[in-house]
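The values are calculated or read from the model by the stated rules, or taken from the named source; none is laboratory data. Here the structure is a predicted model, which is why all the values come from computation and not from measurement. With ideal geometry, Cβ positions are generated from the backbone for all residues, glycine too; neighbour counts draw on all protein chains shown.
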Amino acid sequence: MNDIIRARSFGEILDAGFRIVRDRFQVLLALALIGYAPLGVLMASMNTTGSEVPDPAELVVSLGAVLLYSLLVLPVVMAASTHVAGEWLLGRSAGLADSVRMGTSIYMPMVGTFFLWYLAMIGVAGAVAAAFASAAVAGPFGFVVGMVALVAGFWVFLGLLLVAQVMVLERAFGLHPLRRSWALLAGQRARAFGVVLVAGVITGVLQMAFMLPTMPFPSISPIAQYLGNGLGQAFSTAVLCVLYVDLRCRKEAFDLEHLARQVGEGDAPDTV
């Protein structure tokens, strides 16, 4: 019987994230190499030394390649990493090929949902920028309004933190993942903020750990930095999957539902 599907304390959520990365390190490392090492290569190709001035045409081509690769590959890598973490939570091991295949199978609806998420974030960012712009006219009161808008914007961001997990683990797309994430995180944003903060620190540490030894070598330093970022993102994804399951257990008795399904269906396949 799988006791991984249960509510957890904040520390247990982080611990489970580390365990996922440890147990599925080879697959997650391969996904990091697929998703982020090529970006490092592209960024390294744009590095100049001394008084060299980058050719504008080459710079545009390189930036276009970075954007295209990010749009085509990173969503698949994110979905595959989420699938790996979700399978771990069900007591199963997801292979690299199966995880990538799953990511590519939902690519179009996933990108469409991310577009809606970006629209929401752009709207929030615009409101925050407008509020701060008013500070130049309204003085101290405008600054206060801007700070309130900034906090509100971050509050919205935290409310939409689990959109990717809902998409991949529930196979739901469109506006539903946004509404679902918002409902799951209602009253739980403080814990979500803690998860984001710790994951961000760990990602930054990994980036520095990979980048500092290679700083004397500009041709490989960006590659190492992006690889460290990829592993940090794998940890962030794993922790958010654990948080998603934790919130479902707290709000929907998902642990009891999962147990009942196991008892009632025997060896039937589990789902998150």
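Here are a few things to note about the model shown:
- Output for region 218-263, where each listed residue is more than 24 Å from I202 (Cβ to Cβ) and not in a helix (DSSP H, G or I): P218, S219, A253
- Some residue of region 120-133 being within 19 Å of P75 (Cα to Cα), surrounded by fewer than 18 Cβ atoms within 10 Å (Cβ to Cβ) and touching a residue at least 40 places away in the same chain (Cβ under 8 Å): yes
- Candidates L206, L185, filtered to the one that is under 24 Å from V111 (Cα atoms) and aliphatic (A, V, I, L, M): L185
- Close contacts from region 177-203, counting a first residue that is touching a residue at least 24 places away in the same chain (Cβ under 8 Å) and closer than 13 Å to G159 by Cβ and a second that is part of a helix (DSSP H, G or I) and among the hydroxyl-bearing types (S, T, Y), with Cβ to Cβ under 6 Å and a gap of 6+ residues or different chains, come to P177/T113.
- Given (1) under 27 Å from S181 (Cα atoms); (2) at pLDDT below 95; (3) hydroxyl-bearing (S, T, Y), number of the condition S81 does not satisfy: (2)
- Residue ID - surrounded by the most Cβ atoms within 10 Å (Cβ to Cβ), chosen from residues in region 141-191 that are in a helix (DSSP H, G or I) and basic (K, R): R180
- Filter result (basic (K, R) and not in a helix (DSSP H, G or I)) within region 79-105: R92
- Test: residue in region 94-113 that is surrounded by 14 or more Cβ atoms within 10 Å (Cβ to Cβ), over 20 Å from A234 (Cα atoms) and in contact (Cβ under 8 Å) with a residue 12 or more places away in the chain: yes
- Every pair of residues 6+ apart whose Cβ atoms lie under 9 Å, when the first sits in region 21-41 and is over 14 Å from I223 (Cβ atoms) while the second is of a type outside the set (D, E) and surrounded by fewer than 16 Cβ atoms within 10 Å (Cβ to Cβ): D23/S93; R24/S93; V27/S93; V27/G95
- Odd one out for E252, checked against (1) in contact with a Leu (Cβ under 8 Å, 6 or more places away or on another chain); (2) surrounded by fewer than 18 Cβ atoms within 10 Å (Cβ to Cβ): (1)
- For V272, the conditions (1) farther than 25 Å from M46 by Cβ; (2) in a helix (DSSP H, G or I); (3) in contact (Cβ under 8 Å) with a residue 60 or more places away in the chain are fulfilled apart from (2).
- Considering residues of region 201-217 that are among the aliphatic types (A, V, I, L, M) and part of a helix (DSSP H, G or I) only, the residue farthest from the chain's Cα centre (by Cα): L212
- Of everything in region 192-209 that is of a type in the set (V, I, T) and exposed (fewer than 15 other Cβ atoms within 10 Å of the Cβ), the residue that is farthest from G11 (Cα to Cα) is V205.
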